[in-house]
Amino acid sequence: MGAREYDESDVRIRPGKGSRPRTKTRPDHADAQSAMVVTVDRGRWGCALDRDPHHRVVAMRARELGRTPIVVGDDVDIVGDLSGRPDTLARIVRRGERRTVLRRTADDTDPTERVVVANADQLLIVVALADPPPRTGFVERALIAAYAGGLKPVLCLTKSDLADPEPFAAQFADLDLTIVTAGREDPLDVVAPMLSDQVTVFLGHSGVGKSTLVNRLVPEADRATGEVSGVGKGKHTSTQSIALPLDGTGWVIDTPGIRSFGLAHIQPDDVIQAFSDLAETIDDCPRGCGHMGPPADPECALDTLSGPAAGRVGAARHLLAVLNES
Ligand SMILES: Nc1nc2c(ncn2[C@@H]2O[C@H](COP(=O)(O)OP(=O)(O)OP(=O)(O)O)[C@@H](O)[C@H]2O)c(=O)[nH]1
Ligand SMILES: [Mg+2]
Ligand SMILES: [Zn+2]
């Protein structure tokens with residue numbers, strides 16, 4: 001990580017002798033206007049005023065917000081010069097409550113788990129069928145993160161010119177999971193309509209083709225794409241998340257390659273809630289049931305189900321096992 005830049009909101013002045021007492025009343029910013037955060041770059045947030053992609057305003061975080069994290073997708077209120085003219089700088093004075101959150105795990109360079117994107121409706125889990133090879137475990141962990149964060153997951157398979165999608169896709173047959181194929185050579189007539197009027201995060205390992213797909217969907221995006229450098233570790237062509245407008249009101253959010261997700265603090269119930277036909281059944285489980293069935297959870301109500309629902313219990317428990325391992 002490079003040294004971060006400081007802006008005036010980072011400066012903390014300790015009140016010394018004779019300094020003015022801190023005022024308790026904050027200005028309430030009745031004139032603030034709402035915006036969506038579309039870019040974040042070292043203490044500067046790019047905002048679309050009223051979610052209008054053509055009305056861009058660059059803003060800093062007002063001092064009163066302290067270190068409140070603000071990420072792409074956040075709803076914010078901004079004040080100041082909202083003209084969007086070059087060299088103007090507005091101020092973010094409020095961050096709205098988040099409807100959904102996508103978290104990623106701490107890693108070596110960054111010890112804190114953090115929210116990557118806020119308020120997205122869908123998570124497009126982008127997996128290449130080859131180069132880098134697909135990993136089932138990554139998809140399972142992404143699914144759990146999506147369910148827990150309130151996003152609808154979609155599995156998107158790229159590089160279909162290099163391998164047959166069927167065997168990999170078949171592993172997820174028992175889940176409520178929409179699976180689409182969107183390789184460079186494939187038509188986008190299935191993927192594009194799914195994204196309209198939605199905010200969709202594109203997430204996957206480096207080199208799987210997220211930016212390539214974004215460029216096809218938003219031609220004026222002109223996202224840089226890169227070569228895949230070695231198995232499972234692309235060289236991270238994209239380094240910042242960015243929200244790009246689709247025709248209409250939808251947005252796609254291109255993100256840097258990700259290796260893992262924060263699954264800490266996710267409860268077994270959060271996973272089961274995502275299975276519409278199982279969610280009610282667990283009301284009959286004993287308190288603290290982990291829903292794994294015997295021997296760990298001998299009285300789990302999911303074991304009373306039969307027919308197709310019982311097959312779904314197997315799929316749900318497979319995800320719970322992934323969660324328990326993490
Ligand atoms: N054969 C093949 N190559 C593809 C396809 N889609 C993308 N690629 C190539 O894969 C490489 C990586 O693509 P990117 O779009 O940069 O991947 P990314 O997921 O954005 O990677 P990061 O930004 O590093 O996270 C590029 O060389 C693309 O041309 C595909 O469908 N088939
Ligand atoms: Mg990229
Ligand atoms: Zn149970």
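Listing for the model above:
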item: Check on R259, within 16 Å of ligand 1 (Cβ to nearest atom) and within 27 Å of L320 (Cα to Cα); result: yes
item: Strands (runs of 3 or more DSSP E) enclosed by region 129-219 - at least 3 residues per element that are within 16 Å of ligand 2 (Cβ to nearest atom) and within 29 Å of A316 (Cβ to Cβ); result: 199-203
item: Any hit, region 263-285, residues being part of a loop (DSSP other than H, G, I, E, B), outside the structural domain of A48 (by the TED database), away from ligand 1 (no atom under 16 Å from the Cβ) and in contact with a Cys (Cβ under 8 Å, 6 or more places away or on another chain); result: yes
item: Residue count for region 274-287, restricted to those that are within 30 Å of the chain's Cα centre (by Cα) and crowded, with 17+ Cβ neighbours inside 10 Å; result: 5
item: Those residues of region 288-315 which are more than 10 Å from ligand 3 (Cβ to nearest atom), free of Cβ contacts under 8 Å to residues at least 12 places away in the same chain and either surrounded by 15 or more Cβ atoms within 10 Å (Cβ to Cβ) or among the charged types (D, E, K, R) (or both), in sequence order; result: none
item: Condition met for D108 (within 30 Å of S260 (Cα to Cα) and at pLDDT below 95); result: yes
item: Unmet requirement for G262, which otherwise passes all of (1) at pLDDT below 85; (2) within 16 Å of ligand 2 (Cβ to nearest atom); result: (2)
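The values are calculated or read from the model by the stated rules, or taken from the named source; none is laboratory data. None of these values were measured; they are calculated from a predicted model. Cβ atoms come from the backbone with ideal geometry, glycine included; neighbour counts cover every protein chain shown.
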